Amino acid sequence: MAAVINAEPATANAPDRNPTLKFPQFVPGQPIRLVAYGDMRFTDPAVTSGTNPRVRKWLANRIADEHPEALLLTGDMPFTGSSTGDWQVFQTETARWREESILQLPAPGNHEFRGDKNVGIANYLANFPAIAKHRYYSAILGSVEVISMDSALPTAASSPQGKWFAAQLSNVPRQIEFLFILFHFPWMADRQSQVFVGIPNPESIALRDILEARLAGIRAKVVVFNGHIHNYERFERRGVEYVITGGGGAEPYPLFLRGHADLYQDSGFPVYHYLTLEVSNHQLDAVMWKVKDPDAGTLSVERKDEFTIRATAQAGAEAVKKK
């Protein structure tokens with residue numbers, strides 16, 4: 001499952017507008033099945049504070065049972081990024097992902113840089129070989145493009161990452177029907193998070209502003225996946241779907257009040273979960289699967305939210321031409 005790496009050099013003044021990675025096993029117009037989730041905090045299974053080792057491991061295996069072709073990971077995969085032991089647990093508990101050759105496309109969270117930041121960065125890049133040591137990157141998967149951003153690097157419009165993001169958005173390939181953006185910190189959030197912890201933070205808002213300034217020129221439908229909040233939230237703003245998927249096993253965060261803008265209003269807690277994403281026939285069908293009872297003797301999931309997005313006619317036509 002080799003990626004074709006775009007090696008064209010880029011500078012801060014002339015950011016690379018070409019896709020970073022291309023995965024030729026995915027063909028424009030053909031169906032693709034993905035899973036999105038994050039905030040697992042893999043660590044020693046004896047550690048039960050800050051992470052639930054039983055649910056975490058079960059979810060990793062459950063996701064393998066879904067047989068996705070690609071995983072979108074929204075960050076905080078290890079508990080401590082500089083810990084070799086935590087990454088070894090990650091490798092052990094997600095072994096089935098590699099056995100089934102599931103493409104892993106991550107975005108780093110704050111826990112990837114926990115401890116010694118430089119060691120954490122090195123560990124992160126070493127554990128996700130498909131991204132070829134890119135801290136931020138774009139990836140072409142047939143009719144789907146994934147753009148992953150680094151939350152530990154500056155995001156202002158004048159920063160190298162901000163300029164690169166703007167160039168990527170201005171040059172989305174014509175065959176792309178759905179553009180998925182990964183960033184650990186939420187770009188939209190319920191009022192509770194806005195008031196008490198300042199989410200979305202200025203870095204997230206800067207990237208959201210870059211995106212919104214270019215929406216008119218993007219024919220693909222855009223979905224932004226974030227983590228960090230250990231719960232599930234979903235919003236729509238200016239035609240973009242914003243999904244917070246932080247239910248991978250880290251200690252759950254309760255939401256005492258969901259604002260009217262949140263399209264998910266279920267009061268059940270905790271919300272350990274993942275999303276399946278089916279792209280087929282120019283349509284995205286997304287389902288959020290929640291662990292029904294994390295204390296049950298036998299764990300299971302239930303369908304708790306879903307949304308469908310239809311590709312634009314122009315993007316769908318281009319995808320058909322590329323087949």
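The values are calculated or read from the model by the stated rules, or taken from the named source; none is laboratory data. Everything quoted here is computed from the prediction, not taken from an experiment. When we count neighbours, we look across all protein chains shown, and the Cβ atoms used for this are built from the backbone with ideal geometry, even at glycine. Quick note on the areas: whole protein, heavy atoms, side chains included, nothing else; ligands and nucleic acids left out. Shrake-Rupley method; radii C 1.70, N 1.55, O 1.52, S 1.80 Å.
How many nm separate the modelled label positions at THR84 and VAL47, each set 7 Å beyond the Cα in the direction of the Cβ?
Each label point lies 7 Å from its Cα, and together they span 1.6 nm.
With no solvent and one equal point scatterer placed on each C-alpha of the stretch 1-141, evaluate the Debye formula and give log10 I(q)/I(0) for q = 0.13, 0.17, 0.20 Å⁻¹, two decimals.
Relative scattering, expressed as log10 I(q)/I(0), comes to -0.60, -0.97, -1.24.
Roll a 1.4 Å probe over the protein heavy atoms and report the accessible area of ILE218 in Å², nearest 10.
Surface open to solvent at ILE218 totals about 20 Å².
Which whole-number value in Å³ per residue fits the convex hull of the alpha carbons of the stretch 181-242?
Looking at the stretch 181-242, the number lands at 78 Å³ per residue.
HIS67 versus LEU153, label points 7 Å from Cα toward the beta carbon: distance in nm?
If labels sit at HIS67 and LEU153, their model points lie 3.7 nm apart.
Using the Cα centre of the chain as origin and beta-carbon charges of +1 (Lys, Arg) and -1 (Asp, Glu), tell me which of ILE102, ASN226, ASN171 is placed farthest towards the positive end of the dipole.
Highest projection toward the positive end goes to ASN171.
Where does each of GLU306, GLU69, GLU241, GLU99 land when they are ordered by accessible area, with a 1.4 Å probe and the largest first?
GLU99, GLU306, GLU69, GLU241
Could you do me a favour and compute the accessible area per residue for the chain, 1.4 Å probe, result in Å²? Don't skip to the answer; put the middle values down first.
Values: 13030 Å² over 323 residues.
In whole numbers, the chain has 40 Å² accessible per residue.
For ARG303, what accessible area in Å² do you get when you roll a 1.4 Å probe over the heavy atoms of the protein chains, rounding to the nearest 10?
Rounded to the nearest 10, that gives 120 Å².
Just to be sure I understand the curve: with the Debye formula and one point per C-alpha of the stretch 80-128, what is log10 I(q)/I(0) at q = 0.20, 0.28 Å⁻¹?
With one equal scatterer per Cα and no solvent, log10 I(q)/I(0) is -0.65, -1.06.
Leaving ligands, DNA and RNA out of it, work out the accessible area of TYR272 with a 1.4 Å probe and give it in Å² to the nearest 10.
Rounded to the nearest 10, the figure is 20 Å².
Once you have the Cα-Cα distance between ASP295 and ALA122, take 0.36 nm times their residue separation minus that, and quote the gain in nm to one decimal.
Length difference between fully extended and current span is 58.7 nm.
Using Cα springs under 10 Å in a Gaussian network model of the chain, which residue among GLY38, GLY248, GLY29 shows the largest mean-square fluctuation?
Answer for the Gaussian network model of the chain: GLY29.
How far, in nm, would the chain grow between GLU100 and GLU278 when pulled straight, counting 0.36 nm per residue and subtracting the alpha carbon separation?
Details: separation 178, 0.36 × 178 = 64.08 nm, distance 1.80 nm.
So the chain would gain 62.3 nm between GLU100 and GLU278.
Using every Cα-Cα pair within the stretch 127-257, state what percent have a distance larger than 20 Å.
I get 45 percent for the Cα pairs in the stretch 127-257 exceeding 20 Å.
Does the stretch 94-162 come out rounded, prolate or oblate by the C-alpha gyration tensor, with a ≥ b ≥ c the root eigenvalues, rounded set by a/c under 1.5 and, if not, prolate when a/b is larger than b/c and oblate if not?
Cα axes put the stretch 94-162 in the oblate bin.
With only Lys, Arg, Asp and Glu charged, each at its Cβ (+1 for the first two, -1 for the last two), find how big the charge dipole of the chain is about the Cα centre; round to the nearest 20 debye.
Details: 33 positive and 35 negative charges, 150 e Å.
Dipole of the chain, to the nearest 20 debye: 720 debye.
Could you please put THR80, THR245, THR48 in sequence from largest to smallest accessible area, using a 1.4 Å probe?
THR48, THR80, THR245
If amide hydrogens are placed 1.01 Å from N in the peptide plane, which non-local residues have theirs closer than 5 Å to the one on PHE42?
PHE79
Between ARG17 and ARG33, what length comes free when the chain is fully extended (0.36 nm per residue of separation minus the Cα-Cα distance, one decimal in nm)?
Extra length from ARG17 to ARG33 when fully extended: 3.1 nm.
Let me check the size of the stretch 181-323 from its C-alpha atoms; what are the radius of gyration and Dmax in Å?
Answer for the stretch 181-323, Rg first and Dmax second: 16.4, 51 Å.
Please label the shape of the stretch 230-273 as rounded, prolate or oblate, based on the square roots a ≥ b ≥ c of the eigenvalues of the alpha-carbon gyration tensor (a/c under 1.5 means rounded; beyond that, a/b larger than b/c means prolate, else oblate).
oblate
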